[in-house]
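Notes for the one structure printed next.
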Amino acid sequence: MTQPPRSIHRLLVSTVAVLLASTSVAASLPAQERPPERAGPTRSHRPEVPGVHGLVTTGGQPLAAMAGARILMKGGNAIDAAVAVLATLNVVEPANSGAGGNGFMTYFDRKSGKVYSLNMTGAAPKALKAASMTPETLGEGIQAGIVPGLFGGWVAMLDRFGTMRLATVLEPAIDYAANGHPLDKTVVRGIEGRKAFFEKFPSSAALFLPGGQVPEVGVMFRNPGLATTLRKVAEAERQAVGRGASRSTALQAAHDRFYKGDIAQEMSRFFRENGGLLTAEDLAVYKPIWAEPVHTTYRGYDVYTSPSTSRGGLEVAMQLNLIEGYDVSKLGQTSPELEHLLIEAIKVAKSDIYKYVADPKFTRMPIAGMLSKTYAAERRALIEQARAIAYPAAGTPPVTTTSEAEVIGPTDEPRPRFADEAQDGHTTSFSVVDAAGNAVVVTPTLGSGFGTGVVVGNTGLLLNNGMRIGSTSPYPEDVNYVRAGQIPILNNSPIVVLRDGKLALTLGSPGGETIGQTQFQTLVNVLDFKMPIQEAIESPRFALQASPNFYRAGSPITVRIEGRFPAATLDALRGMGHTLTVVPGFGAIGNMQGILVDPTHGTMTAGADPRLSGYAIGW
């Protein structure tokens, strides 16, 4: 792709900044002063954003979307732009993402026509002893950290499919970390909520509580430790190139400095001196995992998403298989009949997901059986069309190989039963499509807000608290119970949809337990009801919650549902036996973003969720 002249590049950046600012101002106005909404069935608060040379749409801070757009404008491809977005999210959305976190990527390579999945998730420390842990120490603090997975994923993405150097794509993030960016209200609220905890750790307090106080909205926020860390890995790459190393070898040098060099040594020192479990050995053996994506078909579309150690990808695929047995387009969008069937499909799919899905190193999952259309038809029989069923027990998917039936059983180590309630997750997501038609969707996370809550020494990094209850099961008999060396389960499930081998749609959302549910509903909006991407994202939706959790059959289910559904639909759902909690307006159920390709004209548009701070940029 030809790089635009510098003057045009500056104009594009300025124009996008003005558009973002005007949109933000409009959203902040009192309701009576806002521009009127469009009337009719295509009503949405925001327009779809068109793209010719590329699109970036993020579920998080607009500066991250702009970082990706800058890389596309310089001639980078979708993977180059994605790493720039990931690095910038580390700076501007520190509660939800970072090099010390975990995540998943789904990538469509236009040239080969193949879809790839990258698991960027680290394992629990080898020194972990479940008997010495509590729900509190699993969930936050110095012992809660697991091996950081995302940075290794950045390098792996660039090495296999990128075109630019790591140093180039890190430039926006280094700039914002070193020189600052205006702190937004979402981050300030998060810091306020963790203030008492940050005060326990001098490294965290120094970054998030300057002068001992919660910073004000709009203040220039800097992370000099992170800027130094990012400069170090860029320097490792440059030095390797200077020695005549290949691009791949130079990228490996950056990986090694993070996981085996002075950055790893500083992380190891900090954990050792402060009573943590993570060691240099844990860091040195980490590698991201390229894996076959989960795949199902749905009404002529091919849907690809993340395999385990994500439960969300399998959940979405199984929900689609269940609902495919109904002609949902005839039921009417937002009708009680449709929403009832979607709710029931989610229940049935989750019952299997929570029984079988865990780290493949520790269990053999009947994946083929879980994804089979025959099994979907068998499980669909549980659904009653006019009455809410109880949360069911898991089924028995057919086992296609002996290895799938093998399960590693409990060890001799004491395995306490932990408290039932899961901790919430804090995540973000984004999509990028470049001029060549390559598409990447990434859903990164730090686990709970700010992860462990502990800034690791002088690195500026926060680590994922992946061992928390929710990512692990509280019950010793479950396959996803916390274990040393095991990768905890996430719900992150970035999605790529193809039609006849061509890109049709990308989708991703944060939202912890709600991720698969949010994406499922949006897929139905687009694939069954043919909605434009922005309308599909903004349409009212719901999320199921189980008490105490989804591991236990019979757990009471509450449906948290946006009040923008018709009152008649809400009343009818109650009449079917659903327990509803109605939330006003856009109830912050997920934070969807996506890119849709027009099947007739081949043009593409992006959408971003107004429920939080998502933005789409096209050029």
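Within segment 366-389, which residues are closer than 14 Å to residue 313 by Cα and either part of a loop (DSSP other than H, G, I, E, B) or open to solvent by 10 Å² or more (accessible area, probe 1.4 Å) (or both)?
367, 368, 371 - these are the residues of segment 366-389 that are closer than 14 Å to residue 313 by Cα and either part of a loop (DSSP other than H, G, I, E, B) or open to solvent by 10 Å² or more (accessible area, probe 1.4 Å) (or both).
Which condition breaks for residue 446 when tested against (1) under 28 Å from the mean Cα position of the chain (by Cα); (2) modelled with pLDDT of 95 or more; (3) not in a loop (DSSP other than H, G, I, E, B)?
It fails just one condition, (2).
Anything in segment 571-587 that is closer than 21 Å to residue 522 by Cα and open to solvent by 60 Å² or more (accessible area, probe 1.4 Å)? List them, or say none.
Those that are closer than 21 Å to residue 522 by Cα and open to solvent by 60 Å² or more (accessible area, probe 1.4 Å): 581, 582, 584.
Determine whether residue 506 is out of contact with any His (no Cβ under 6 Å at 6 or more places or on another chain), over 24 Å from residue 599 (Cα atoms), buried (at least 24 other Cβ atoms within 10 Å of the Cβ) and hydroxyl-bearing (Ser, Thr, Tyr).
Taking the combined requirement at face value, the residue does not satisfy it.
Let me spell it out: the conditions are (1) polar (S, T, N, Q); (2) over 21 Å from residue 606 (Cα atoms); (3) open to solvent by 10 Å² or more (accessible area, probe 1.4 Å); (4) in contact with a strand residue (DSSP E or B) (Cβ under 7 Å, 6 or more places away or on another chain), and residue 134 meets all of them except one. Which number is the exception?
Going through (1) polar (S, T, N, Q); (2) over 21 Å from residue 606 (Cα atoms); (3) open to solvent by 10 Å² or more (accessible area, probe 1.4 Å); (4) in contact with a strand residue (DSSP E or B) (Cβ under 7 Å, 6 or more places away or on another chain) one by one, residue 134 breaks only (4).
Answer yes or no: is there a residue in segment 572-594 that is in contact (Cβ under 8 Å) with a residue 24 or more places away in the chain and of a type in the set (D, E, K, R).
Checking segment 572-594: not a single residue is in contact (Cβ under 8 Å) with a residue 24 or more places away in the chain and of a type in the set (D, E, K, R).
Are any of the residues in segment 113-124 modelled with pLDDT of 95 or more, among the basic types (Lys, Arg), farther than 23 Å from residue 255 by Cβ and open to solvent by 10 Å² or more (accessible area, probe 1.4 Å)?
Yes, because at least one residue in segment 113-124 is modelled with pLDDT of 95 or more, among the basic types (Lys, Arg), farther than 23 Å from residue 255 by Cβ and open to solvent by 10 Å² or more (accessible area, probe 1.4 Å).
Could you pull out the residue among 527, 498, 523 that is more than 17 Å from the chain's Cα centre (by Cα) and part of a helix (DSSP H, G or I)?
Sole residue among the options that is more than 17 Å from the chain's Cα centre (by Cα) and part of a helix (DSSP H, G or I): 527.
If you take the residues in segment 90-117 that are of a type outside the set (D, E, K, R) and touching a Gly at 6+ places or on another chain (Cβ under 6 Å), which one is farthest from residue 154 (Cα to Cα)?
Checking each candidate, the answer is 113.
Residue check, residue 520 against (1) of a type outside the set (A, V, I, L, M); (2) in contact with a Gly (Cβ under 9 Å, 6 or more places away or on another chain); (3) modelled with pLDDT of 95 or more, all met but one. Which one?
Unmet condition: (2).
Specify which of the listed residues (361, 350) is open to solvent by less than 10 Å² (accessible area, probe 1.4 Å), out of contact with any Cys (no Cβ under 9 Å at 6 or more places or on another chain) and of a type in the set (D, E, K, R).
Exactly one residue qualifies, and that residue is 350.
Out of 266, 324, 273, report the one residue that is farther than 22 Å from residue 116 by Cβ and in contact with a strand residue (DSSP E or B) (Cβ under 7 Å, 6 or more places away or on another chain).
Exactly one of 266, 324, 273 is farther than 22 Å from residue 116 by Cβ and in contact with a strand residue (DSSP E or B) (Cβ under 7 Å, 6 or more places away or on another chain), namely 324.
If you take the residues in segment 157-193 that are modelled with pLDDT under 95 and open to solvent by 30 Å² or more (accessible area, probe 1.4 Å), which one is nearest to residue 452 (Cα to Cα)?
193
Can you tell me which residues in segment 588-608 are open to solvent by less than 10 Å² (accessible area, probe 1.4 Å) and touching a strand residue (DSSP E or B) at 6+ places or on another chain (Cβ under 6 Å)?
Passing the criteria: 589, 593, 594, 595, 606, 607, 608.
Go through segment 172-190 and give me each residue that's under 19 Å from residue 232 (Cβ atoms) and either under 23 Å from the mean Cα position of the chain (by Cα) or of a type in the set (Gly, Ala, Ser) (or both).
Within segment 172-190, 172, 173, 174, 176, 177, 178 meet the criteria.
For the condition of a type in the set (A, V, I, L, M) and more than 19 Å from residue 602 (Cα to Cα), what is the one hit in 527, 544, 505?
The match here is 544.
Quick check, is residue 568 in contact with a helix residue (DSSP H, G or I) (Cβ under 8 Å, 6 or more places away or on another chain), modelled with pLDDT of 95 or more, buried (at least 19 other Cβ atoms within 10 Å of the Cβ) and of a type outside the set (Asp, Glu)? Before the answer, list the steps.
Working: in contact with a helix residue (DSSP H, G or I) (Cβ under 8 Å, 6 or more places away or on another chain): yes; modelled with pLDDT of 95 or more: yes; buried (at least 19 other Cβ atoms within 10 Å of the Cβ): no; of a type outside the set (Asp, Glu): yes.
So residue 568 fails the test.
Could you tell me which of the residues 150, 89 is open to solvent by less than 10 Å² (accessible area, probe 1.4 Å) and in contact with a helix residue (DSSP H, G or I) (Cβ under 6 Å, 6 or more places away or on another chain)?
Just a single option satisfies the conditions, and that option is 89.
Return a yes/no flag: does segment 547-560 have any residue that is closer than 23 Å to residue 104 by Cβ, open to solvent by 30 Å² or more (accessible area, probe 1.4 Å), modelled with pLDDT under 95 and not in a helix (DSSP H, G or I).
Taking segment 547-560 as the starting set, the residues that turn out to be closer than 23 Å to residue 104 by Cβ are 549-551.
Of the ones still in play, those that are also open to solvent by 30 Å² or more (accessible area, probe 1.4 Å) are 551.
Among the residues that remain, those that are also modelled with pLDDT under 95 are: 551.
Subsequent filtering for residues that are not in a helix (DSSP H, G or I) retains 551.
Yes, segment 547-560 has at least one match.
Residue 236 passes all but one of (1) of a type in the set (A, V, I, L, M, F, W, C); (2) within 27 Å of the chain's Cα centre (by Cα); (3) within 17 Å of residue 158 (Cβ to Cβ); which number fails?
In the conditions (1) of a type in the set (A, V, I, L, M, F, W, C); (2) within 27 Å of the chain's Cα centre (by Cα); (3) within 17 Å of residue 158 (Cβ to Cβ), residue 236 misses (2) alone.
Sort out for me the helices (runs of 4 or more DSSP H) sitting completely within segment 207-309 that have 2 or more residues that are among the small types (Gly, Ala, Ser) and over 21 Å from residue 99 (Cα atoms).
224-242
For segment 317-359, which positions are acidic (Asp, Glu), in a loop (DSSP other than H, G, I, E, B) and under 30 Å from residue 121 (Cα atoms)?
359 - this is the single residue of segment 317-359 that is acidic (Asp, Glu), in a loop (DSSP other than H, G, I, E, B) and under 30 Å from residue 121 (Cα atoms).
The values are calculated or read from the model by the stated rules, or taken from the named source; none is laboratory data. Predicted model, so just to flag it, every value in this text is computed and none were measured. We place every Cβ from the backbone using ideal geometry, glycine too, and count neighbours over all the protein chains shown. Only protein heavy atoms, including side chains, enter the accessible area calculation; ligands, DNA and RNA are left aside. Shrake-Rupley method; radii C 1.70, N 1.55, O 1.52, S 1.80 Å.
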